[in-house]
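For reference, the structure is listed below as structure tokens.
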Amino acid sequence: GNDALHSAAAGQFCAGIAARTRGKVLWIVTRQDVFAPSLKQVGLSARRTIYVEARSDVDVLACFEEGLRHGGLGAVVAEVARLSMTASRRLQLAAETSGSLGIAIRRWRRQTDAADFGQPTASVTRWRVSVLPSVPLPVPGVGRPRWLLELIRARAGECADFEVEACDGKGRLFLPAALADGSDQEAAGQRRASA
């Protein structure tokens, strides 16, 4: 989504997923704005991460595909503004062949770059990550970050929304207590049905 609002949360969500893989993680960007300590906060250490800065989305997609085809990486994360069906299909085939996890973070600077955002891709799942207010603490301070995770597309599955607490130092998400014990599941289902 919009860089100013949700890109940090989306980056941390993806870093938490990549942290749970084995091997090095290739992180490809078009601008140097990845804050490595925030990735370490969710379990992805700098020792495991290889950063690549590319000039354009075309170069990012080429590096993304090469990284996936290499096969020796745990995950390949690429930040792109546009992702066509053709490009996503090539990436999906490369990931299936090598067994590496491929994660595309859709980021844009200008609204015109988001023109193809709703178009279909060949991805197995598609998520939208948004920030939520943190839970108030009993003492002054900032609570653990919270996110709204919207599963927009899942191959052979259903869409769903999850309110979670941000990844911990091992890349694990936490469900709020009310959701973990199932008391909020009916209310969440009603919200999805009305949307």
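Inspect all residues belonging to the stretch 111-125 and state whether any of them is at pLDDT below 80, within 28 Å of Ser45 (Cβ to Cβ) and not hydrophobic (A, V, I, L, M, F, W, C).
no
Which residue is farthest from Asp168 (Cα to Cα), if the candidates are limited to the stretch 32-68 and must be touching a residue at least 60 places away in the same chain (Cβ under 8 Å) and open to solvent by less than 80 Å² (accessible area, probe 1.4 Å)?
Leu44
Being open to solvent by less than 60 Å² (accessible area, probe 1.4 Å) and at positive phi is the filter here; which residues of the stretch 151-176 pass it?
Answer for the stretch 151-176, where residues must be open to solvent by less than 60 Å² (accessible area, probe 1.4 Å) and at positive phi: just Gly171.
May I ask you to say which residue of Ser45, Ser88, Ser98, Ser38 is closer than 20 Å to Ala166 by Cα, hydroxyl-bearing (Ser, Thr, Tyr) and modelled with pLDDT of 90 or more?
Result: Ser45 is the single residue among Ser45, Ser88, Ser98, Ser38 that is closer than 20 Å to Ala166 by Cα, hydroxyl-bearing (Ser, Thr, Tyr) and modelled with pLDDT of 90 or more.
Is it true that Arg128 is modelled with pLDDT of 90 or more, open to solvent by 40 Å² or more (accessible area, probe 1.4 Å) and either basic (Lys, Arg) or not in a strand (DSSP E or B) (or both)?
Values: modelled with pLDDT of 90 or more: no; open to solvent by 40 Å² or more (accessible area, probe 1.4 Å): yes; either basic (Lys, Arg) or not in a strand (DSSP E or B) (or both): yes.
It is false that Arg128 is modelled with pLDDT of 90 or more, open to solvent by 40 Å² or more (accessible area, probe 1.4 Å) and either basic (Lys, Arg) or not in a strand (DSSP E or B) (or both).
Out of all the residues in the stretch 98-111, which are more than 11 Å from Val60 (Cα to Cα), in contact with a Leu (Cβ under 8 Å, 6 or more places away or on another chain) and open to solvent by 20 Å² or more (accessible area, probe 1.4 Å)?
If the condition is that a residue be more than 11 Å from Val60 (Cα to Cα), in contact with a Leu (Cβ under 8 Å, 6 or more places away or on another chain) and open to solvent by 20 Å² or more (accessible area, probe 1.4 Å), then Ser98, Gly102, Arg106 are the ones that fit.
Give the number of residues within the stretch 21-35 that are in contact with a Cys (Cβ under 7 Å, 6 or more places away or on another chain) and either modelled with pLDDT under 90 or hydroxyl-bearing (Ser, Thr, Tyr) (or both).
Adding up the residues that qualify gives 0.
Out of the stretch 45-64, which residues are under 14 Å from Ser84 (Cβ atoms) and in contact with a Gly (Cβ under 9 Å, 6 or more places away or on another chain)?
Scanning the stretch 45-64 gives a single hit, Phe64.
Could you tell me whether the stretch 8-28 includes any residue that is out of contact with any Ser or Thr (no Cβ under 6 Å at 6 or more places or on another chain), outside any helix (DSSP H, G or I), on the phi > 0 side of the Ramachandran plot and open to solvent by less than 50 Å² (accessible area, probe 1.4 Å)?
yes
Might you check whether a residue that is over 26 Å from Arg172 (Cα atoms) and crowded, with 22+ Cβ neighbours inside 10 Å occurs anywhere in the stretch 69-84?
Scanning the stretch 69-84 turns up at least one residue that is over 26 Å from Arg172 (Cα atoms) and crowded, with 22+ Cβ neighbours inside 10 Å.
The values are calculated or read from the model by the stated rules, or taken from the named source; none is laboratory data. As the structure is a computational prediction, the values presented were derived from the model and not from experiment. Every residue, glycine as well, gets a Cβ built from its backbone with ideal geometry; the counts of neighbours run over all protein chains shown. Each accessible area value is taken on the protein alone, full model and side chains, heavy atoms only, with ligands, DNA and RNA left out. Shrake-Rupley method; radii C 1.70, N 1.55, O 1.52, S 1.80 Å.
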